[in-house]
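Here the structure is laid out as structure tokens; the discussion comes afterwards.
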Amino acid sequence: MTGDRQRVVLVTGLSGGGKRSVMHELEDLGYEAVDNPPLPMLEEMVSRSEQRLAIGVDGRTRGFDASEVLQTLKRLQVNPALRPELVYACQYDRSEQDHRVRRQLGRDRAEQCPDPVR
């Protein structure tokens, strides 16, 4: 890893909310995508990785607890070598959701998002 902070994106949301679409987009952008690792292993996995990570966490994740996910995110944010983010996927209309994901991930330059994932 160079002097840049390692990007870590935690992707969560309700069933059918578009988590898989977000994970696929991040994977297409060069992130190593891991879906539903056991929550207690998350921090160790991040510390051992040298790549940008997209990690899916939801009710299927062993040990899932929403407050624990937020606490894990806070602990990751303290590490100056990391740039952790939380994405909450929600879907209202499939075509609009796909467009919104692409726009947020920097794929659609017509409408810039304030902080696209690159």
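Rule-based calculations on the coordinates, nothing more; no lab input. Please read all numbers here as calculations on a predicted model, not as lab measurements. Glycine also receives a Cβ, built like all others from the backbone with ideal geometry; neighbour counts cover every protein chain displayed.
Need one number: nm distance between label points at Arg5 and Arg20, each 7 Å from Cα along Cα→Cβ, rounded to one decimal.
Placing both labels 7 Å along Cα→Cβ, they lie 3.2 nm apart.
Convert each backbone phi in region 46-61 into a coupling constant with the Karplus relation 6.51 cos²θ - 1.76 cosθ + 1.60 (shift: θ = phi - 60°), then list the ³J(HN,Hα) values in order as whole Hz, x for Gly and Pro.
For region 46-61, the Karplus-derived couplings read 5, 5, 8, 8, 10, 10, 5, 10, 10, 10, x, 9, 7, x, 7, 6 Hz, x marking Gly and Pro.
If you place +1 on the Cβ of every Lys and Arg and -1 on the Cβ of every Asp and Glu, how big does the dipole about the Cα centre of region 1-57 come out, in debye to the nearest 20?
Roughly 140 debye, rounded to the nearest 20.
Sorted by mean Cβ packing within 10 Å, highest first, what order do the peptides 52-60, 74-82, 24-32 take? Mind dumping the intermediate values first?
On the way: 52-60: 20.0, 74-82: 12.9, 24-32: 16.2.
With the highest mean Cβ count within 10 Å placed first, the list reads 52-60, 24-32, 74-82.
Given points 7 Å out from each Cα along the Cα-Cβ axis, report the Tyr88 to Leu73 separation in nanometres with one decimal.
Here the modelled spin labels are 0.8 nm apart.
For labels at Arg48 and Asp65 in the simple 7 Å Cα→Cβ model, what's the distance in nm?
2.4
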